[in-house]
Every structure is written in structure tokens, then in C-alpha cells.
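Structure below; questions to follow.
The values are calculated or read from the model by the stated rules, or taken from the named source; none is laboratory data. The structure presented is a predicted model; accordingly, all values stated were derived computationally and were not measured. All Cβ positions, even for glycine, are placed from backbone atoms using ideal geometry, and neighbour counts span all protein chains on display. These accessible areas exclude ligands, DNA and RNA; they are computed on the full protein's heavy atoms, side chains included. Shrake-Rupley method; radii C 1.70, N 1.55, O 1.52, S 1.80 Å.
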Amino acid sequence: MADGPASGDLFSKFDELIAMREGLLAGGQEDPFSLVMEQVLSPTQAICNGRNTILLGTYNYMGMTFDPDVIAAGKQAYDEFGAGTTGSRVLNGTFYHHRDVENALKEFYAMDHAMVFSTGYQANLGIISTIAGKGDYIILDIDSHASIWDGCKMGDAEVVPFKHNDLDALEKRLRRVPEGAGKLVVLEGVYSMLGDIAPLKQMVSIAKKYGAMVLVDEAHSMGFIGEHGRGVCEEAGVIDDCDFIIGTFSKSVGTVGGFCVSNHPKFEIMRLVCRPYVFTAALPPAVMASSATSIRKLMHNGNKRADLWENSRTLHSGLRALGFQLGTDEPQSAIIAVVMPDLEKGAAMWEALLKEGLYVNLARPPATPANMTLLRCSLCAEHSPKQVQTILGMFERAGKAVGII
Amino acid sequence: MDRAEVDTTIRSLIDPFNKKGVEITDATSFANDLEFDSLTVMDFVAEIEDAFDIIISMNQQAEIENFGQLIDAVTKLQG
């Protein structure tokens, strides 16, 4: 048996991917999927693979990871409550700070109920798989995040996708759902691959016309879209018609964790029936204390919002002027996606940027729409105007070296 | 529509997606013979749904591997 498994190896299904990766790395390409940050200097700068690097591929939109109040709250909770909870939220895992962070969310969204999960992934997984049951229909955008798809897969409902942001396609499917069946429409405020936003005003209105409940994932908008930073649904004026808003702490809030807020009068029963909430350990108290502080600070952050949008606009127009193809015609969020001709060029460009001292996200199929290879740039309110100009210079040199512009 | 009529309609809908001009029989598989990727499947399914005014959920699609199974499913789904 020295040669290892031959037939019957369950890993055979990954052979194609293994070969693709080996081919890429054999050419001397630095591995885009095993970058290590040896030191993190600030929300916008780190030592990555030994180089001083500007970070343009994190979701640290508001730069809260190094906020002194956020860190102080976490340290205090560490000292007073210990390192971890060692238990489920419904047993021994609800500490003072778990309740407090849920109260902070209720204040932030002005909603009656808030439920915190260990990650944003679990929030979608748990809520979607639990509320849509056998015989119900989930109507969702084809470009939905993996956590939404996995929530659909874990549940027993009929799953019906529609073409990305297509109002007509959404309405046709809702119209065809059998009489009497429960309907859940799942949308996102900002779609994270291209950084485009959904026409929520029209979509939510269509969903309501057919009596569907609406769940909106606002992971990529919290704190800087909508009057109170509640997301695209607030900006579109339809937040009161959204039955469930899903969000995360791992982006603007700067920690980790996921949540659902809702005004549904029976919402609290979810704490007993939602398995990804019940059968996992609650987050550490320090994470909850930091998150609660961060959420309350995000309620008063006018300057940071303005800086973030300014950065997004400058990068978008600058990249476009250099001749790069972008995911959206206008900057619609803090994500600017640069479309690469193919995976090989994309990987080469990613490496050229890293050597310049810039980290961006390399996104490739199947995570991307239409099998595109993307270099995704996500901005931070703490990027200085000078850093944004430096970034544009790096893109220009790398783009010319790789032959993309 | 009976099965034969459904077959005729879907044969005409599949043409633009059948890039390699594969000969279509009941045993023709979407993944292997026609090499449909997930985006092509979505567009093709949307065409059928619109033509017959039905929903073919992903749960139902998972049971459909070849052309014959699709014709059977659509024939049944029109109710």
C-alpha cells in the first residue's frame, strides 16, 4: 500500500483543480491563495510575504480594526469574562456582551429583534434554511453569495434562481409559484464580486405585490450606504418592507460574527429552531464587546463615510482613465472590480501588484459571475488620498508590465 | 401539449445553446454531451420556463440529466 490510494480515492474529484494550481505555480507565480500577513501595521498597511504592502483587498471599510475604543472594550472583556464561551448561545454561551451587541444592533437598525451568529455565513445558512421549509419557494438572484446558496441547499424548500438584478425575471417566477405556497425572496444590497447594487426599490415592491417575505443581505453596505448606514434597502426607501436583514461584523464593524435583524413578532423563536445558531459555540466575549462598541461608533461616522466614498470615486475614475475595464460604470459601493482578460493574466497582474506592494483580491470562477477573473479592490475610509494616488501608480506600472493596458 | 409537442418545442429552444451541433436524442446528457455550464443551464431553463409558463426549481433540475428526462418533466409540469 506504499503507493497510496489509487482507485476509490475520494480526492480524485479534485485532480483537475490540483493540476490547474500546479500549472499556475510552476511558472514561478506567487500563490494568490496562501498569502500571509506577518505584521498588520494599520487598517491599510501590512507586511505581506515579507513586503510592506498597502491593503486594498480587505473588507475593513471603516477602518474599525484598530479603533482605540474598539480594542479597549475587547481587552476589558477579555480580562473580566475570559477568553471564550465554551458553549452554545442557548445554553451557557450568552454573556452580558452577547445581549449588549444585540441591543446595539437593534439601536443601529431601529428594529425589534437582533440575533447574533458566529459568522455571517452561518447567519444566512441558519435563517434561510430554517424559515423556508418543505413546499415553500425561495426565489433568489443567480449571483447570490455562497452562504445564501448553501442555506438553500441545507433547507427543504424549492429553490428558484433568477437572472442577476432582472426585475422581469423575478416577477415572472413569483407569478408562477403555486397558489398558497410560502415565498421567500432573497436579495443582496451590494453584490460583492462586481461591487454593483440591486434595484431594491423595485424588487422589494414586486416581492410584496406577490405576498413574498423578503430577506436582504446588507453585508457590504453597513455603516456607509443609507441615511443611517443601514444599507441599500434604507437608501432605496424600502427597509420597512424588508422582513429580514442579514449582516456581518467582519466588514465595516471590523471583528467577526454575523447577524439577522427583523421586526417579525415571532422572530425570537429562531433562537430555538435555527440549528447553525444552536449547535455551535457562541463568540468570545471580547469579540462581542469590541463589536458592540464598533457598531455604536458607526452610528456617528459622517467623516469616515465621506472619506470612503471619496476614495471609491477617485480609484474608480483613476483606473478607468488608465484604461482598465471595471465591473461597474459608476462607483456604486466600496468595491471596485477590475476585469481581467483571463485567469493567467489575472494571476500575473495580481503578482505584479503584490511585488509593487499592493494587495488586492484575486477572484476567479466559480465564485465570479459569467466566469470572469477579477481583481477586486475594496477601499477603506482610512486610505489617505496619497495612498490612493500611489495605488493608481502601481496599477499603471503593473498593467503595462503584464500587457493589460 | 402532449409529450411529442413538448419535445418539438424544446428541440427548437435548445438549438441556440447546442453550439457544437450535437445530435439530440432522449439519452443526450446536458452536462457531458452538450457541455452546459451553470450559466447556460440557467438561460436554457429560463427559456423553457417562459415558453411553458412553469417553474423548474433547482431541486427538480437536479433530477434531470438528459433530454428525455427534461421532456418528461416539462410534460408533467404543465399540469
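Does any residue of the range B:47-61 lose at least 50 Å² of accessible area with all protein chains in place compared with its chain alone, and if so which ones (probe 1.4 Å)?
Buried by 50 Å² or more upon assembly, which counts only protein chains, are B:50, B:53, B:55, B:58, B:59.
Sticking with this one: Could you tell me what percent of the accessible area of the range A:172-273 is made up of carbon and sulfur, with a 1.4 Å probe and every protein chain present?
Using a 1.4 Å probe with all protein chains present, the range A:172-273 comes out at 53 percent carbon and sulfur.
Still on this structure, please answer the following. May I ask for the net charge around residue A:136, where only other residues with Cβ less than 10 Å from the Cβ of residue A:136 are counted and Lys, Arg are +1 while Asp, Glu are -1?
So the environment of residue A:136 carries a net charge of 0.
Oh, and also: Taking the Cα centre of the range A:67-298 as the origin and placing charges on Cβ (Lys, Arg +1; Asp, Glu -1), which of A:254, A:138, A:68 is farthest toward the positive end of the dipole?
A:138
While we're looking at this one, here's another question. What does the net charge come to around residue A:237 if you take all other residues with beta carbon closer than 15 Å to its beta carbon, with K and R at +1 and D and E at -1?
Working: positive: A:201, A:208, A:230; negative: A:218, A:227, A:234, A:235, A:240, A:241.
Cβ neighbours under 15 Å give a net charge of -3.
Also, I was wondering about something else. With a length cut of 18 Å (Cα positions projected on each helix's long axis) and a Kyte-Doolittle mean of at least -0.5, go through chain A and give me the DSSP H helices that pass. If you can, show how the numbers build up before the last one.
On the way: long enough: A:68-81 (19 Å, -0.31); A:96-109 (20 Å, -1.34); A:285-298 (20 Å, 0.48); A:302-322 (30 Å, -0.94); A:343-356 (19 Å, -0.06); A:385-402 (26 Å, -0.05).
What comes out of the filter, once short or polar helices are dropped, is A:68-81, A:285-298, A:343-356, A:385-402.
Return the residues of the range A:167-212 for which accessible area with all protein chains present is lower than in the chain on its own by 10 Å² or more; set the probe to 1.4 Å and exclude ligands, DNA and RNA.
A:172, A:173, A:175, A:176
May I ask you to derive the FRET efficiency for residue A:205 and residue A:322 from their Cβ-Cβ distance with R0 = 45 Å, giving the value to the nearest 0.05?
0.70
Still on this structure, I have one more. Exactly which chymotrypsin sites (Phe, Trp or Tyr not before Pro) in the range A:250-330 are in a DSSP loop and have at most 15 other Cβ atoms within 10 Å?
Of the chymotrypsin sites (Phe, Trp or Tyr not before Pro), the ones in loops of the range A:250-330 whose Cβ has at most 15 other Cβ atoms within 10 Å are A:279.
Still on this structure, I have one more. Multiplying the sequence separation of residue B:38 and residue B:8 by 0.36 nm and subtracting their Cα-Cα distance, what value in nm do you get?
Here the segment from residue B:38 to residue B:8 would lengthen by 8.4 nm.
Could you tally up the Lys pairs in the range A:67-298 with alpha carbons closer than 15 Å? Skip any pair fewer than 8 positions apart unless they're on separate chains.
Lysine pairs, 8 or more places apart or on different chains, close enough: 11.
Continuing with this model, one more query. Mind running the shape call on the range A:67-298? Use the C-alpha gyration tensor, a ≥ b ≥ c as the square roots of the eigenvalues: rounded below 1.5 for a/c, prolate if a/b tops b/c, oblate otherwise. Could the numbers behind the result be given before it?
Values: a/c = 2.25, a/b = 1.59, b/c = 1.41.
Prolate is the answer for the range A:67-298, as a/c is 1.5 or above and a/b outweighs b/c.
What is the calculated FRET efficiency for residue A:35 to residue A:175, with r their C-beta to C-beta distance and R₀ = 45 Å, to the nearest 0.05?
According to the calculation, E is roughly 0.45.
Given a 10 angstrom Cα cut-off, can you work out which residue in A:25, A:326, A:375 is the most mobile in a GNM of chain A?
A:25
So, with +1 on the Cβ of K and R and -1 on the Cβ of D and E, and no other charges, what is the size of the charge dipole of the range A:67-298 about its Cα centre, to the nearest 20 debye?
So the magnitude is around 480 debye.
Name the residue, out of A:370, A:292, A:306, whose mean-square fluctuation peaks in a Gaussian network model built on chain A with Cα pairs under 10 Å.
A:370
Rounded, prolate or oblate: which one fits the range B:1-60, using the alpha carbon gyration tensor with axes a ≥ b ≥ c (rounded when a/c is under 1.5, else prolate when a/b beats b/c, else oblate)?
Taking the square roots of the gyration eigenvalues as a ≥ b ≥ c, the range B:1-60 is oblate.
Right, something else. Counting other C-beta atoms within 10 Å, and keeping those with at most 16, which DSSP coil chymotrypsin sites (Phe, Trp or Tyr not before Pro) do you find in the range A:138-241? Intermediate results must be reported in sequence, preceding the final value.
Working: sites: A:149, A:162, A:191, A:210, A:224; in loops: A:210, A:224.
Passing sites in the range A:138-241 are A:210.
Could you tally the net charge around residue A:36, taking each other residue with its Cβ under 14 Å from the Cβ of residue A:36, Lys/Arg +1 and Asp/Glu -1?
In short, -2.
Using the Cα centre of chain B as the reference point, and only Cβ charges (+1 on K/R, -1 on D/E), how large is the resulting charge dipole? Debye, rounded to the nearest 20.
With only Lys, Arg, Asp and Glu charged at Cβ, the dipole is about 60 debye.
Within chain A, what's the longest stretch lacking trypsin sites (Lys or Arg not before Pro) that sit in DSSP loops with no more than 11 other Cβ atoms inside 10 Å?
Answer from the scan: A:267-405.
Which residues of the range A:135-160 end up with at least 30 Å² less accessible area in the presence of all protein chains than when their chain stands alone, using a 1.4 Å probe?
A:142, A:158, A:159, A:160
Under the definition of Cα pairs under 8 Å and six or more residues apart, what whole-number percent is the relative contact order of chain A?
That works out to 22 percent.
Please find, in a Gaussian network model of chain A (springs between Cα atoms separated by less than 10 Å), the residue of A:177, A:338, A:116 whose mean-square fluctuation is greatest.
Largest GNM mean-square fluctuation: A:177.
Okay, next question. What GluC sites (Glu not before Pro) does chain B have in DSSP loop regions with at most 11 other beta carbons within 10 Å?
B:23, B:63
Suppose all protein chains stay in the model; what accessible area per residue would a 1.4 Å probe give for the range A:1-137, in Å²?
It amounts to 53 Å² per residue over the range A:1-137.
Could you tell me the calculated FRET efficiency between residue A:272 and residue B:1, based on Cβ-Cβ distance and R0 = 41 angstrom, to the nearest 0.05? Write down the numbers at each step before the final one.
Values: r = 47 Å, r/R0 = 1.16.
Rounded to the nearest 0.05, the efficiency is 0.30.
How would you classify the range A:217-267 from its alpha-carbon gyration tensor, with a ≥ b ≥ c the square roots of the eigenvalues: rounded for a/c under 1.5, else prolate if a/b is greater than b/c, otherwise oblate?
It is oblate, given that a/c is not under 1.5 and a/b is not larger than b/c.
Over both sides of the B-A contact, add up the buried accessible area with a 1.4 Å probe and give it to the nearest 100 Å².
By this definition, chains B and A bury close to 1200 Å².
Compute the normalised compactness of the protein assembly as shown: alpha-carbon radius of gyration over 2.2 N^0.38 Å, N being the residue count.
Working: Rg = 24.0 Å, N = 484, 2.2 N^0.38 = 23.0 Å.
For the protein assembly as shown, the normalised Cα radius of gyration comes out at 1.04.
Between residue B:26 and residue A:14, with labels modelled 7 Å along Cα→Cβ, what's the label distance in nm to one decimal, could you check?
That separation, rounded to one decimal, is 4.1 nm.
Here's another thing I want to ask about it. Gain in length, residue B:76 to residue B:62, computed as 0.36 nm per residue apart minus the alpha-carbon separation, to one decimal in nm?
Full extension from residue B:76 to residue B:62 adds 3.4 nm.
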